[in-house]
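**Q** Quick one: this structure, given as structure tokens, is what I'll be asking you about.
The values are calculated or read from the model by the stated rules, or taken from the named source; none is laboratory data. Here the structure is a predicted model, which is why all the values come from computation and not from measurement. Glycine gets a Cβ as well: all are built from the backbone with ideal geometry, and neighbour counts include every protein chain shown. Just the protein is used for accessible areas: all its heavy atoms, side chains included, with ligands, DNA and RNA removed. Shrake-Rupley method; radii C 1.70, N 1.55, O 1.52, S 1.80 Å.
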Amino acid sequence: MLTVPDIDDIFLPMPDYLLANLQDCQEMVSQFVQTLPTLFAGTHETNSALGAALEAAFKLMSAHGGRLTVFQTMLPNVGPGALKSREDPNERAAKDVENLAPANDFYKKLALECCGQQIAVDLFLLSGRYADLATLSCVSKYSGGEVKYYPAFHAVNNRPESERFERDLRRYLTRKIGFEAVMRVRCTKGLNLHTFHGNFFVRSTDLLALPNVNPDAGYAMQISIEEGLTETDRVCFQAALLYTSSRGERRIRVHTLCLPVTTNVSDIYAGADTEAIVGLVAKMDGVSCWC
């Protein structure tokens, strides 16, 4: 075990050989996972230096990119990115609640640096107390990662959340994954994609940077009609995703959707996708709370 005591100025104790190849070191990795529950069983340390750990992981992975998985059980309270509890029970019903917005931009800036090096940060937040999800989630939102939140988590006393975490983690480790992805969305002339929702970084007006992509990820776009569609009876949308598979193959996947144009409101209601609309409205509401 290598220990770096200085959490304010993070450095790597060794320049190389800190990343292990899973195929070559499978037995060692399996042994480490088995001993992990007892590795720090006797510690009395109650602080969390999440920011420093993320900075160290960024330095370690920046030359290769990949996926960074974080399991956090408390509010990070020391080192860079340290946070304080902002929860006030008296303000929960107030019109403007400050803790719905990030407390600082440390995790957002770090996420943008990770995105530039093709690193996605996935956050599993298992906390029974206030954890400032609005701030911590930025590290996943802007790096193309995902956030899994388990409120009031306890492995023994809260079995539903414990079982949900087990299912989510099994799915997380076994599903397919794509690396170094970019997605471009196009639409018919007269339409405009003006807002994107999801976890990514907007590299240009219609190009999304996705360090990681998986089958469970979802993205939403808002469309505005800028010109009349009287001269056409249909409109088209196309999403092209360029990514690298886990086998190192560079692939492109294209989805094209063609929809009829109508002036009848009942036709619009009949063809509406209720689940997609609810998902979009939820994402729009979440953005309005953070902004």
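**Q** Taking segment 129-182 on its own, how many of its residues are free of Cβ contacts under 8 Å to residues at least 60 places away in the same chain, outside any helix (DSSP H, G or I), buried (at least 21 other Cβ atoms within 10 Å of the Cβ) and hydrophobic (A, V, I, L, M, F, W, C)?
**A** Going through segment 129-182 one residue at a time, the tally reaches 1.
**Q** Looking at segment 183-201 only, could you name the residues that are part of a loop (DSSP other than H, G, I, E, B), open to solvent by less than 50 Å² (accessible area, probe 1.4 Å) and more than 28 Å from residue 123 (Cβ to Cβ)? Break it down into steps so the answer makes sense when it comes.
**A** Pass one, segment 183-201, residues part of a loop (DSSP other than H, G, I, E, B): 188-190, 198-200.
Next, from what is left, pick out any that are open to solvent by less than 50 Å² (accessible area, probe 1.4 Å): 188, 190, 198-200.
Scanning segment 183-201 gives 188, 190.
**Q** Now for a separate question. Please tell me if residue 212 is surrounded by 16 or more Cβ atoms within 10 Å (Cβ to Cβ), at negative phi and among the polar types (S, T, N, Q). It would help to see each step written out before you state the result.
**A** Numbers: surrounded by 16 or more Cβ atoms within 10 Å (Cβ to Cβ): yes; at negative phi: yes; among the polar types (S, T, N, Q): yes.
It is true that residue 212 is surrounded by 16 or more Cβ atoms within 10 Å (Cβ to Cβ), at negative phi and among the polar types (S, T, N, Q).
**Q** When segment 96-128 is examined, which residues are found to be in a helix (DSSP H, G or I) and within 27 Å of residue 62 (Cα to Cα)?
**A** 106, 107, 108, 109, 110, 111, 112, 113, 114, 115, 116
**Q** Any residue at all in segment 46-58 that's out of contact with any strand residue (DSSP E or B) (no Cβ under 9 Å at 6 or more places or on another chain), within 26 Å of residue 197 (Cα to Cα) and among the aliphatic types (A, V, I, L, M)? Break it down into steps so the answer makes sense when it comes.
**A** As a first pass, look at segment 46-58 and keep what is out of contact with any strand residue (DSSP E or B) (no Cβ under 9 Å at 6 or more places or on another chain): 46-47, 49, 51-52, 55-56.
From what's left, within 26 Å of residue 197 (Cα to Cα): 51.
Of the ones still in play, those that are also among the aliphatic types (A, V, I, L, M) are none.
The answer is no; no qualifying residue exists.
**Q** For residue 204, indicate whether it is touching a residue at least 40 places away in the same chain (Cβ under 8 Å), surrounded by fewer than 10 Cβ atoms within 10 Å (Cβ to Cβ) and over 30 Å from residue 99 (Cβ atoms). Before the answer, list the steps.
**A** Values: touching a residue at least 40 places away in the same chain (Cβ under 8 Å): no; surrounded by fewer than 10 Cβ atoms within 10 Å (Cβ to Cβ): yes; over 30 Å from residue 99 (Cβ atoms): yes.
Against the criterion (touching a residue at least 40 places away in the same chain (Cβ under 8 Å), surrounded by fewer than 10 Cβ atoms within 10 Å (Cβ to Cβ) and over 30 Å from residue 99 (Cβ atoms)), residue 204 does not qualify.
**Q** Exactly one of these conditions fails for residue 235: (1) surrounded by 15 or more Cβ atoms within 10 Å (Cβ to Cβ); (2) under 30 Å from residue 103 (Cβ atoms). Give me its number.
**A** The number of the failed condition is (2).
**Q** For the list (1) among the charged types (D, E, K, R); (2) under 21 Å from residue 50 (Cβ atoms); (3) modelled with pLDDT under 95, I need the number of the one condition that residue 95 fails.
**A** Of the numbered conditions (1) among the charged types (D, E, K, R); (2) under 21 Å from residue 50 (Cβ atoms); (3) modelled with pLDDT under 95, the odd one out for residue 95 is (2).
**Q** What is the residue count in segment 24-48 for residues that are over 27 Å from the mean Cα position of the chain (by Cα) and part of a loop (DSSP other than H, G, I, E, B)?
**A** 8
**Q** Checking residue 258 against (1) surrounded by fewer than 16 Cβ atoms within 10 Å (Cβ to Cβ); (2) in contact (Cβ under 8 Å) with a residue 60 or more places away in the chain; (3) not small (Gly, Ala, Ser); (4) not in a loop (DSSP other than H, G, I, E, B), which single condition isn't satisfied?
**A** (2)
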